[in-house]
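Trainee: Here's a structure for you.
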There are 2 protein chains.
Amino acid sequence: MDFNLSAGMFDSELNFNPLVSDKTYDVMILGGGPAGLTAAVYCIRKGVSTGLIVKEIGGQVALTAGVENYMGYRYINGVELVQKFKEQVFQFGIDYDEGTAVQSIDAGDIKKVHFEDGRVFSAKALIIATGKSWRKLGVPGEEEFRGRGVAYCSTCDAPFFSGKNVVVVGGGNSGVEAAIDLARVAEGVTMVQFLEKLTGDTILIDKLSAFKNVRVIYESEVTSIDGRDSVESVSVKNRKTGVVDQIAAQGIFVEIGLIPNSGIVKGLLQLNQAGEIMVDCSCRTSVPGIFAAGDVTDVPFKQIIVAGGEGAKAALTACNYVLNR
Amino acid sequence: MDFNLSAGMFDSELNFNPLVSDKTYDVMILGGGPAGLTAAVYCIRKGVSTGLIVKEIGGQVALTAGVENYMGYRYINGVELVQKFKEQVFQFGIDYDEGTAVQSIDAGDIKKVHFEDGRVFSAKALIIATGKSWRKLGVPGEEEFRGRGVAYCSTCDAPFFSGKNVVVVGGGNSGVEAAIDLARVAEGVTMVQFLEKLTGDTILIDKLSAFKNVRVIYESEVTSIDGRDSVESVSVKNRKTGVVDQIAAQGIFVEIGLIPNSGIVKGLLQLNQAGEIMVDCSCRTSVPGIFAAGDVTDVPFKQIIVAGGEGAKAALTACNYVLNR
């Protein structure tokens, strides 16, 4: 028996068709990150008719410099991993749309997905896997040096800054946790906090204070990120005095929060206070026939392998729902 | 910046030390399948002191011929995938024990893991990821002829029965898949099914029906496995008539399901009726400081990527528990 279906496929062989308006899909998936792409593979392999709607393929993985914690690859860059996920979906052939914004969703017995360009698609079940976006600083250099010193995920990227000097922006839990992660490996960590004190949990702040290589600059904000090929320094302005300091650093972690891409289901699905879609352990939302997976949900950890696992669960739960209707 | 830390590592470079009795680990992980190995990578990368206790590395993945639904690989065989997971753990160095049976666990503030050989190890948090094992028939001859005609994994052992007559016990997906594997190589395959029809997926049963060398005996059960040095015949009793037939066979594949390896935590953790460890969506068990992940838990779908995702969640929840004690 030869299971090897995968040898020698190139990008040109990626196999997909446009979405069809006058059919009802079994499952329609919104989102092209690890959760959405994994859900697609599981739905297709279950033999249900599947549509995939993607804004930007790869989600946040495509924006990650190096991935060391996706099992199966000791190291892979984000773009390569996305390419592998993509090939795994498109080897089968799928009805697919990329780049169009979704305007709204109707949640009747048959779900309707309305595109901003006026097209409407139907499905018995939906999987929402639209992910999160990092909240940006919006300062010069942030886009330019993304993946070349500008990072957003300390769990993913802290080990790359071993022995280096880094800045962490943000003094909430994410910022403090990032600073702790980095303090273990980096030469020095400078936290830049907008307010006059850190707002993370006391227990985390206590923990942080045990590190001698961390300093906090209060009531300050980053005004630019500078360097030649990669980050070399960060400009920090004191909000009271207006004085701008240059901090030498090879990395900057922006930890000022994530925004769940849940706008299109607001008012339709139950969200938590952070705007995340609330799901049970089988990825069911508050509306029958609508499932959700990955970073857009209230699952606590935002990791590729977690999103993949949740995508598989959402797909299998959705397939059971469709097949047992 | 060169992020590639992983090039050129071979098996000989796998980096581990024996477990140490006179220290308290932050996290100790029991289990070497996808859940346990993923948990190990996440714990090590969080910088907590980690011990890993493994009975057989790879869990059931190591016994799987081909994997097509683990994201990142359109096709990979089970042994190769396990090797990749293993290298990913051992690149970091970890305190490790393989092959020793665990006798019991004490769940105080500091958890104690007692080995059957008398050694005891301590940790602030435990992750139970011990997976599932093949369910046994429990009939005379089963233990005696194990490895001498009695087998559980057609993927592993079918080739040994080339040109021979074999019995497959069980008519669910596992049984039908085993019969298909065996029909390709064996002289004849006799399926013994407890119920009055096969319960596997239609697509698999259709596939099975293409083989002329397969017969199914319904509403029957195996009562003994007989032979001198190895299996020579299998006794099968009709559940309605009580008549026992002797079927000449050199092999018998037992495909009647899987049981969770939760014996060591019975009475300690809350289990469901199937004996699976009950966990919340963050992999917490009923005992603070003990977490669980993968097939041994009540998570509904037994898939590599799901187990990996759960392993990551268990690790991150356990690290938070340890760091916030």
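The values are calculated or read from the model by the stated rules, or taken from the named source; none is laboratory data. Nothing here was measured: the structure is a model prediction, and the numbers come from that model. Heads up, the Cβs are rebuilt from the backbone with ideal geometry, glycines too, and the neighbour counts pull from every protein chain shown.
Trainee: Given (1) in contact (Cβ under 8 Å) with a residue 12 or more places away in the chain; (2) among the basic types (Lys, Arg); (3) assigned by TED's automatic domain parsing to the domain that holds A:Ala40, identify the lone condition not met by A:Lys240.
Mentor: (3)
Trainee: Quick one: is B:Thr285 buried (at least 22 other Cβ atoms within 10 Å of the Cβ) and polar (S, T, N, Q)? It would help to see each step written out before you state the result.
Mentor: Numbers: buried (at least 22 other Cβ atoms within 10 Å of the Cβ): yes; polar (S, T, N, Q): yes.
Taking the combined requirement at face value, the residue satisfies it.
Trainee: Taking the residues in segment B:277-292 that are farther than 11 Å from B:Ile128 by Cβ and free of Cβ contacts under 8 Å to residues at least 60 places away in the same chain as candidates, determine which candidate is farthest from the chain's Cα centre (by Cα). Let's see the steps before the verdict.
Mentor: To start, the set of residues in segment B:277-292 that are farther than 11 Å from B:Ile128 by Cβ comprises B:278, B:280-282, B:284, B:286, B:288-289.
Subset that is free of Cβ contacts under 8 Å to residues at least 60 places away in the same chain: B:278, B:280-282, B:284, B:286, B:288.
Values: B:Met278: 18, B:Asp280: 22, B:Cys281: 22, B:Ser282: 22, B:Arg284: 21, B:Ser286: 23, B:Pro288: 26 Å.
Restricting to residues being farther than 11 Å from B:Ile128 by Cβ and free of Cβ contacts under 8 Å to residues at least 60 places away in the same chain, the top hit is B:Pro288.
Trainee: Are any residues in segment A:153-168 surrounded by fewer than 24 Cβ atoms within 10 Å (Cβ to Cβ) and more than 11 Å from chain B (Cβ to nearest Cβ), and if so, which ones?
Mentor: A:Cys153, A:Gly163, A:Asn165
Trainee: Given (1) surrounded by fewer than 19 Cβ atoms within 10 Å (Cβ to Cβ); (2) touching a residue at least 60 places away in the same chain (Cβ under 8 Å); (3) more than 21 Å from the chain's Cα centre (by Cα), identify the lone condition not met by A:His114.
Mentor: (2)
Trainee: For segment B:120-131, what are the residues that are closer than 17 Å to B:Leu269 by Cα and surrounded by fewer than 21 Cβ atoms within 10 Å (Cβ to Cβ)?
Mentor: B:Lys124
Trainee: Right, another one. In segment B:289-299, is there at least one residue being crowded, with 24+ Cβ neighbours inside 10 Å, outside any loop (DSSP other than H, G, I, E, B) and charged (D, E, K, R)?
Mentor: There is at least one residue in segment B:289-299 that is crowded, with 24+ Cβ neighbours inside 10 Å, outside any loop (DSSP other than H, G, I, E, B) and charged (D, E, K, R).
Trainee: Turning to a different aspect of this structure: Does A:Val102 count as farther than 30 Å from A:Asp157 by Cα, in the same structural domain as A:Leu52 (by TED's automatic domain parsing) and modelled with pLDDT of 90 or more? Even if it seems obvious, please write down each step before you answer.
Mentor: Numbers: farther than 30 Å from A:Asp157 by Cα: yes; in the same structural domain as A:Leu52 (by TED's automatic domain parsing): yes; modelled with pLDDT of 90 or more: yes.
Yes; evaluated as a whole, the condition is true for this residue.
Trainee: Here's another thing I want to ask about it. Of the residues in segment A:60-98, how many are under 30 Å from A:Asp22 (Cβ atoms), more than 7 Å from chain B (Cβ to nearest Cβ) and of a type outside the set (A, V, I, L, M)? Talk me through it step by step, then tell me what you get.
Mentor: Looking only at segment A:60-98, we keep the residues that are under 30 Å from A:Asp22 (Cβ atoms), and these are A:85-98.
Going one step further and asking which of them are more than 7 Å from chain B (Cβ to nearest Cβ), we end up with A:86, A:89-90, A:92-98.
Of the ones still in play, those that are also of a type outside the set (A, V, I, L, M) are A:86, A:90, A:92-93, A:95-98.
Result for segment A:60-98: 8.
Trainee: Right, next: Right, A:Ser282: touching a helix residue (DSSP H, G or I) at 6+ places or on another chain (Cβ under 7 Å), facing chain B (nearest Cβ under 8 Å) and among the small types (Gly, Ala, Ser) or not?
Mentor: Details: touching a helix residue (DSSP H, G or I) at 6+ places or on another chain (Cβ under 7 Å): yes; facing chain B (nearest Cβ under 8 Å): yes; among the small types (Gly, Ala, Ser): yes.
So A:Ser282 fits the description; yes.
Trainee: Just checking, how many residues over segment A:250-270 are among the aliphatic types (A, V, I, L, M) and touching a Lys or Arg at 6+ places or on another chain (Cβ under 8 Å)? Outline the logic, then answer.
Mentor: Applying the first criterion (among the aliphatic types (A, V, I, L, M)) to segment A:250-270 yields A:252, A:254, A:256, A:258-259, A:264-265, A:268-269.
Checking the rest, the ones that are also touching a Lys or Arg at 6+ places or on another chain (Cβ under 8 Å) come to A:254, A:256, A:258-259.
Qualifying residue count for the region: 4.
Trainee: Here's another thing I want to ask about it. Is at least one residue of segment B:203-215 of a type in the set (A, V, I, L, M), surrounded by 15 or more Cβ atoms within 10 Å (Cβ to Cβ) and in contact (Cβ under 8 Å) with a residue 60 or more places away in the chain?
Mentor: Going residue by residue through segment B:203-215, those that are of a type in the set (A, V, I, L, M) are B:203-205, B:208, B:210, B:214.
Now restrict to residues that are surrounded by 15 or more Cβ atoms within 10 Å (Cβ to Cβ): B:204-205, B:208, B:214.
Checking the rest, the ones that are also in contact (Cβ under 8 Å) with a residue 60 or more places away in the chain come to none.
The answer is no, given that none of the residues of segment B:203-215 is of a type in the set (A, V, I, L, M), surrounded by 15 or more Cβ atoms within 10 Å (Cβ to Cβ) and in contact (Cβ under 8 Å) with a residue 60 or more places away in the chain.
Trainee: Then there is this: Given the condition more than 20 Å from the chain's Cα centre (by Cα), buried (at least 19 other Cβ atoms within 10 Å of the Cβ) and within 23 Å of B:Pro34 (Cβ to Cβ), answer yes or no: does some residue in segment A:93-111 qualify?
Mentor: Taking segment A:93-111 first, the residues more than 20 Å from the chain's Cα centre (by Cα) are A:93-96, A:103-111.
Filter once more, so that each one left must be buried (at least 19 other Cβ atoms within 10 Å of the Cβ): A:94, A:96, A:105, A:111.
Next cut, within 23 Å of B:Pro34 (Cβ to Cβ) only: none.
No, segment A:93-111 contains no residue that is more than 20 Å from the chain's Cα centre (by Cα), buried (at least 19 other Cβ atoms within 10 Å of the Cβ) and within 23 Å of B:Pro34 (Cβ to Cβ).
Trainee: Test of understanding: among A:Val222, A:Val287, A:Val322, A:Val214, which residue is touching a helix residue (DSSP H, G or I) at 6+ places or on another chain (Cβ under 7 Å), more than 14 Å from chain B (Cβ to nearest Cβ) and β-branched (Val, Ile, Thr)?
Mentor: A:Val214
Trainee: Right, another one. Do we find that A:Gly171 is at positive phi, surrounded by 18 or more Cβ atoms within 10 Å (Cβ to Cβ) and not basic (Lys, Arg) in this structure? Even if it seems obvious, please write down each step before you answer.
Mentor: Working: at positive phi: no; surrounded by 18 or more Cβ atoms within 10 Å (Cβ to Cβ): yes; not basic (Lys, Arg): yes.
So A:Gly171 fails the test.
Trainee: On to the next question. Of the residues in segment A:293-325, how many are without any contact (Cβ under 8 Å) to a residue 60 or more places away in the chain and at positive phi?
Mentor: Final tally of qualifying residues: 0.
Trainee: Is it the case that A:Ala307 is buried (at least 18 other Cβ atoms within 10 Å of the Cβ), more than 9 Å from chain B (Cβ to nearest Cβ) and part of a helix (DSSP H, G or I)?
Mentor: Working: buried (at least 18 other Cβ atoms within 10 Å of the Cβ): yes; more than 9 Å from chain B (Cβ to nearest Cβ): no; part of a helix (DSSP H, G or I): yes.
Here the answer is no, as A:Ala307 does not meet what is asked.
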